[in-house]
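A.B. asks: Just passing along the structure, written as C-alpha cells.
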2 protein chains.
Amino acid sequence: MKLKFPILFILIAAGLNVFAQPISKQQQYQNDSTVVSRLATILLTNSTGYEDLRILCKTIGHRLSGSTAAAKAVEWGKNTLINAGCDRVYLQPVLVPKWVRGQEEAQVIMQDGQKLNLEALGLGNAVGTTADGLEAKIVEVRNMEELEQLGVENISGKIVFFNHEWRQGVINPFKEYGGCVEYRWAGPSKAAKYGAVGVIIRSAGSGYDNFAHTGSMRYDTLYNKIPAMAISYLMAEKLQRMVRAKQIRAVRMFSNSHFEPDVLSYNVIGELTGTDAGKEIITIGGHLDSWDVGEGAHDDGAGVVQSIDVLRAFKKLGIKPRRTVRCVLFMNEENGLRGGKEYARVAKLNKENHILAIETDAGGSSPRGFSLSMDKTKKEKVLGWKNIFYPLGVYDFAEEGGGADIGPLQQAFNTPLMGLEPDPQNYFDLHHTNKDVFEEVNRRELTMGSVAIAAMVYMVCEHGL
Amino acid sequence: MKLKFPILFILIAAGLNVFAQPISKQQQYQNDSTVVSRLATILLTNSTGYEDLRILCKTIGHRLSGSTAAAKAVEWGKNTLINAGCDRVYLQPVLVPKWVRGQEEAQVIMQDGQKLNLEALGLGNAVGTTADGLEAKIVEVRNMEELEQLGVENISGKIVFFNHEWRQGVINPFKEYGGCVEYRWAGPSKAAKYGAVGVIIRSAGSGYDNFAHTGSMRYDTLYNKIPAMAISYLMAEKLQRMVRAKQIRAVRMFSNSHFEPDVLSYNVIGELTGTDAGKEIITIGGHLDSWDVGEGAHDDGAGVVQSIDVLRAFKKLGIKPRRTVRCVLFMNEENGLRGGKEYARVAKLNKENHILAIETDAGGSSPRGFSLSMDKTKKEKVLGWKNIFYPLGVYDFAEEGGGADIGPLQQAFNTPLMGLEPDPQNYFDLHHTNKDVFEEVNRRELTMGSVAIAAMVYMVCEHGL
C-alpha cells in the first residue's frame, strides 16, 4: 500500500505533464526545420502540382465564371482534392455573373480612308455596342487630370484613348499595376461622365509586345455604360503616333459582348481535419476562375495547384495537423469576387474560428516572401520564424497585404491574412493575356511556392498565430 | 597685408579638406541609394540588353570556341561595347581549342533485333568512334562506388551507362549540379580505367523532359579515350527499364566528333577609365562562347549583355567611376577556360591592380544575391551595404564563390571575387540543351541582374573594397 500514493502521483503528474521539460528554442527550431525540409523534399520530388496545372490548362483551358469550362474546372478541382487525400471535400454553391465575350472589333479609319485593325481586346464586364457599332473621333488623354482638363467640350461624342504609361522603372511591377489598373477599372465611366461614347486603353501590363491585357472594369451607375477595349503596348505606340500626327479621321468600335443570367457555380473546398479541440481553421487558396484568354496558368492555375499541393504533402508525410487546414479554390475572383464573399458569409453563419488565411494569386514564379495583414504582435511572431523560411529563398515579410478572395474573411472576423509573394518581374508581361499559358510556368519555381505555403501552414498549425 | 595669412590659411585648409564635415552614415546611405535607384530606372526603362541578347541569340546563335559563330560573336561584342560608349575597347588574343561535333548516333539493339534511337548528344571534347562505330553490351552503374565494385570483370569491353540520379529534393539546383557533373566530367575515364569501350550518361539536369544536356568532359591520360554521350531524363528512364528487364542485346555508338587545330580567338574587353590615381580595376564579365546547342541564351548570353549593360548605364547617367570598370566577354569558358587564364596572365604581366572581379554566369533569372570569395573583413564591408541591395530583391550574400573565368585572377592576385546569383530553379532545366534559347529569358528579370551588378560596381567604385 505504501507505493500507492507515489504511483498515483506519477500518473497524475504525467497526465498534467508537470515533469515534461519545456523544449528549448534551439530544439524547437530543429524540429520545425526538419519537418519543413521533409515537406520540401516530398514536394520537389513527388508533387503532381505541375502535372495538375498541365491538365487544368490543357484539357480545360481558360475558365471564366459561368462558362462551361468553369463548370468543368469545378469537377476537376473536386476530384483532384479527393485524390490528394482530403478528409472532406465539398462544393460551396455560389451564384456567379456570366459575362460573355462576343465578336469584337476596333478599327482606325485614316484621313485617306485606309483602315487599320487595332486588334483590341474587350475589357471584362463591358457592354457591347449597337448592332451597327459606333464611329467617332478619337481623343488621347494620358491621365485622369488631362481628362478633366479637356472636359465635356472636348470629350463629348468621342472615343477616349486612355494612353497611360506603364513606368518600367518601378522595380516591383505589382506597385506599378496599382496605379495603371485605375484606367481599366474606372476609366470608362470617368470618360462617360464627360460624354465619351467609347474607351480604348493602353493595356495595364509590362510587356513591349503585341499582347492586349483584359481584366475587370466597373460602370458607375451615374453615367452611360460605354464599350471599352484594351490594346497592346505596340499597338498603343502606333495609335499614339497616328493620333498625334492627326492622321485619324475616326475610330470604329463594334462588340456584342454581354451579360447573361447568373449561373450556379461553386467554391471547391477540401480539408484536413485538425486534432485540436478549438476547431481553429487555416484557409489556403487561389482562384479557380480565370479570364477568357490564354489558359489562366499563372493567374491563377498556379495558386490552385499549389494550394492542393500543400494538403497532398501533409497527407503523404502523415502529418496530422493540429489545426484544420482548408484548401479553397475560389470561384469568380476575376469579375465579381462572389466566391470570396460567399465563403466569408458562410463562415460567419457557421461561427467558424478562422485564425489565418493565405492566398496565392501572384503567379507561379519562385517565392520570395509573404505579405502580412495582421496586428503587430502576430507579425512579430511570424518574423520570429524567418530562419525557417530563409533556406527556401523566402526572406521578405515587409509588405502589407493578403489577397482579394480572403479579404471578406478579414472583414468578417478580423482574420490575419497572408499573400504568397513570388518573384514579380514577369507577371505583368502575361497577366490577363493570351500569353498566360502552361509553358510559361516552371515546374521547380511553381513547386517552391507550394513548399513555402506548406511550411507556413505547418508553422501556424504547430505554434498558432 | 593683414588679410594675407587668413586667406592663405583658408586656401590651404580647403585643399586639405580639414573643414569638410565628414558625411554622416545616413547621408552616405541616402546618396548611394539615390544613385542605385537612378541606375535601376535607367536600366529598366532604357536598357538595350534584352535586345542585345536577341541579336546575339537570333543572328549569331550558339557559338562554341573556334567556330565561325564565335568569331562573329567577337565582332558583335566589340561593336556593342563601342556603341555602349566605352572609353576603350580592345580584343585580347587567345588561342582556343576547336572541338567539332560530327554525326552522332546511339542505338539500342533489343534481344529481338528491334532498334531504338537513344537521341544521344555527345559530350563536349569527347573523341569519336572508328568509322564503323562500336557495338557492345551495356552495363548500368548508379554511382562511382558501383563502378568500382563491378570492376574490370564486369565492365571490360562494355558500354557503361552512368545512371546517376538528379535529386530533385535539393532546393538549390546548383548544389545538386556539383554532385552530378562528376559523371560527365570524369565518368568516361573512370569507366575506361576498368576497360569500358564507351559511356552513356543520364544528363546532369533537372528537367523531366526529352532534352539531353551536353557539357565538358576531360580524359585522364592514363586510360583509353572512349566516346561519351548524354541522354535525356525520359530516355534514361526508358533505358533503365530496358536494361533492368534484360531486354537489350547490345548498344551501338557512332560519332565522328573531333578536335581540329587551335584557333586564334579573343576576349573582348571594354573599359570606363577610373578617375583615381591608384588605377584600381574592377572586372565584370560573362563568357561569350557557348555550347553548340540552343542559343546560349541563359548560358551565358545573359551574363554578356548584363556586363555590357552596366557600362552603358554608367555612361548614360554620366557617372565617372573612381575606379576603372572593365567589362570582359571571356572566350572559351565552356571547354578550356583559355580566356580566363589569358586574362589573368596578361594582368599579371602588366602588373595591374585588380580589386574585385564579378562574374555573371548563372542565368538570366531575377537576381537574389552575390556569392563572395574574399577575406572576412571585405565580406563584412559588403554586408554593410545590404540595405542598398534589399530593395532590388538582392538579399543573399552567404554563399562562397565567384566564377570560372575569374578564378585565375584570384590565383594570380588574390583578387576578391563575386558571382551574381539569380533565382536558380529553372537553370538546369535548360543548361547546355537545345532549350536554352532567347525566349526562355524574361526582359525584366534579365535587366534586374544588370541593375544588381551596376549597383555593386558603383558601391565598390565609391567605397573601395
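The values are calculated or read from the model by the stated rules, or taken from the named source; none is laboratory data. Since this is a predicted model, take the numbers as computed values, not measurements. Virtual Cβ from ideal backbone geometry, glycine too; neighbours counted across all protein chains shown. Surface areas here come from the heavy atoms of the whole protein model, side chains and all, with no ligands, DNA or RNA. Shrake-Rupley method; radii C 1.70, N 1.55, O 1.52, S 1.80 Å.
A.B. asks: If I filter the range A:267-288 for residues that are farther than 30 Å from B:Glu51 by Cα, free of Cβ contacts under 8 Å to residues at least 12 places away in the same chain and out of contact with any Pro (no Cβ under 6 Å at 6 or more places or on another chain), do I get at least one hit?
C.D. replies: Yes, the range A:267-288 contains a residue that is farther than 30 Å from B:Glu51 by Cα, free of Cβ contacts under 8 Å to residues at least 12 places away in the same chain and out of contact with any Pro (no Cβ under 6 Å at 6 or more places or on another chain).
A.B. asks: With over 27 Å from B:Leu392 (Cα atoms) and among the β-branched types (Val, Ile, Thr) as the only criterion, which of B:Thr41, B:Thr48, B:Thr59, B:Thr34 stands out?
C.D. replies: Answer to the selection: B:Thr59.
A.B. asks: Pull up the range A:434-459, narrow it to residues that are away from chain B (no Cβ under 14 Å) and crowded, with 24+ Cβ neighbours inside 10 Å, then point me to the one that is farthest from A:Gly205 (Cα to Cα).
C.D. replies: By that ranking, first place goes to A:Tyr458.
A.B. asks: Checking the conditions here, which among B:Glu105, B:Glu140, B:Glu119 is touching a strand residue (DSSP E or B) at 6+ places or on another chain (Cβ under 6 Å) and open to solvent by 50 Å² or more (accessible area, probe 1.4 Å)?
C.D. replies: Result of the check over B:Glu105, B:Glu140, B:Glu119: B:Glu105.
A.B. asks: While we're on this one: Looking at the range B:115-127, can you tell me whether even one residue there is in contact with a Ser or Thr (Cβ under 9 Å, 6 or more places away or on another chain) and among the polar types (S, T, N, Q)?
C.D. replies: Yes, the range B:115-127 has at least one match.
Residue by residue, here is whether (1) of a type in the set (Ser, Thr, Tyr); (2) away from every other protein chain (no Cβ under 14 Å); (3) under 24 Å from the mean Cα position of the chain (by Cα) holds:
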{"position": "A:Ile201", "(1), (2), (3)": "no, yes, yes"}
{"position": "A:Gly207", "(1), (2), (3)": "no, no, yes"}
{"position": "A:His213", "(1), (2), (3)": "no, yes, yes"}
{"position": "A:Ser216", "(1), (2), (3)": "yes, yes, yes"}
{"position": "A:Thr221", "(1), (2), (3)": "yes, yes, no"}
{"position": "A:Pro227", "(1), (2), (3)": "no, yes, no"}
{"position": "A:Ile231", "(1), (2), (3)": "no, yes, yes"}
{"position": "A:Ala236", "(1), (2), (3)": "no, yes, no"}
{"position": "A:Leu239", "(1), (2), (3)": "no, yes, no"}
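A.B. asks: Could you run through the range A:384-443 and say how many residues are within 30 Å of A:Tyr29 (Cβ to Cβ), within 13 Å of the chain's Cα centre (by Cα) and among the charged types (D, E, K, R)?
C.D. replies: The number of residues fulfilling the criteria is 1.
A.B. asks: Then there's this: Give just the number: which of (1) open to solvent by 10 Å² or more (accessible area, probe 1.4 Å); (2) more than 14 Å from chain B (Cβ to nearest Cβ); (3) farther than 15 Å from A:Ala362 by Cα does A:Ala398 not satisfy?
C.D. replies: It fails just one condition, (2).
A.B. asks: Please work out if A:Arg368 is assigned to a helix (DSSP H, G or I), open to solvent by 10 Å² or more (accessible area, probe 1.4 Å) and either within 14 Å of chain B (Cβ to nearest Cβ) or in contact (Cβ under 8 Å) with a residue 24 or more places away in the chain (or both).
C.D. replies: no
A.B. asks: Would you pick out the residues in the range A:193-245 that are of a type in the set (Val, Ile, Thr) and not in a loop (DSSP other than H, G, I, E, B)?
C.D. replies: Result: A:Val199, A:Ile200, A:Ile201, A:Ile231, A:Val243.
A.B. asks: Further question on the same structure: Among the residues of the range A:28-46, is any within 24 Å of A:His298 (Cα to Cα), out of contact with any Ser or Thr (no Cβ under 9 Å at 6 or more places or on another chain) and free of Cβ contacts under 8 Å to residues at least 40 places away in the same chain?
C.D. replies: Looking for residues that are within 24 Å of A:His298 (Cα to Cα), out of contact with any Ser or Thr (no Cβ under 9 Å at 6 or more places or on another chain) and free of Cβ contacts under 8 Å to residues at least 40 places away in the same chain, one finds at least one in the range A:28-46, hence yes.
A.B. asks: Follow-up. I'm trying to understand the selection: among the residues of the range A:148-192, which are within 14 Å of chain B (Cβ to nearest Cβ), under 22 Å from A:Met235 (Cα atoms) and in a helix (DSSP H, G or I)?
C.D. replies: Residues satisfying the conditions are A:Pro173, A:Glu176, A:Tyr177.
A.B. asks: On the basis of being in contact with a Leu (Cβ under 7 Å, 6 or more places away or on another chain) and part of a helix (DSSP H, G or I), does A:Val382 make the cut?
C.D. replies: For A:Val382, the condition - in contact with a Leu (Cβ under 7 Å, 6 or more places away or on another chain) and part of a helix (DSSP H, G or I) - is met.
A.B. asks: Are any residues in the range A:49-63 in contact (Cβ under 8 Å) with a residue 24 or more places away in the chain and surrounded by 18 or more Cβ atoms within 10 Å (Cβ to Cβ), and if so, which ones?
C.D. replies: If the condition is that a residue be in contact (Cβ under 8 Å) with a residue 24 or more places away in the chain and surrounded by 18 or more Cβ atoms within 10 Å (Cβ to Cβ), then A:Gly49, A:Tyr50, A:Asp52, A:Leu53, A:Arg54, A:Leu56, A:Cys57, A:Gly61, A:His62, A:Arg63 are the ones that fit.
A.B. asks: I would also like to ask the following. Run down A:Gln149, A:Gln247, A:Gln168 and say which single residue is more than 24 Å from A:Asn125 (Cα to Cα), surrounded by 15 or more Cβ atoms within 10 Å (Cβ to Cβ) and among the polar types (S, T, N, Q).
C.D. replies: A:Gln168
A.B. asks: Further, regarding this structure: Pairs please, first residue from the range A:124-149 and on the phi > 0 side of the Ramachandran plot, second anywhere and of a type in the set (Phe, Trp, Tyr) and crowded, with 17+ Cβ neighbours inside 10 Å, Cβ atoms under 7 Å, 6+ apart in sequence or on different chains.
C.D. replies: Pairs found: A:Asn125/A:Trp99; A:Gly133/A:Phe254.
A.B. asks: Which of the following residues is at pLDDT 95 or above and closer than 21 Å to A:Arg101 by Cα: A:Gly195, A:Gly207, A:Gly187?
C.D. replies: A:Gly187
A.B. asks: Taking the range B:197-225, which residues are among the β-branched types (Val, Ile, Thr) and open to solvent by 10 Å² or more (accessible area, probe 1.4 Å)?
C.D. replies: Result: B:Val197, B:Thr221.
A.B. asks: Another question about this same structure. Mind listing just one residue for me: the one in the range A:421-433 that is in a loop (DSSP other than H, G, I, E, B) and within 10 Å of another protein chain (Cβ to nearest Cβ) and, of those, farthest from A:Gly49 (Cα to Cα)?
C.D. replies: The extreme case among them is A:Gln425.
A.B. asks: Here is a follow-up. Any idea which residue in the range B:296-338 is least open to solvent (accessible area, probe 1.4 Å), counting only those that are among the acidic types (Asp, Glu) and outside any helix (DSSP H, G or I)?
C.D. replies: Once the filter is applied, the top-ranked residue is B:Glu334.
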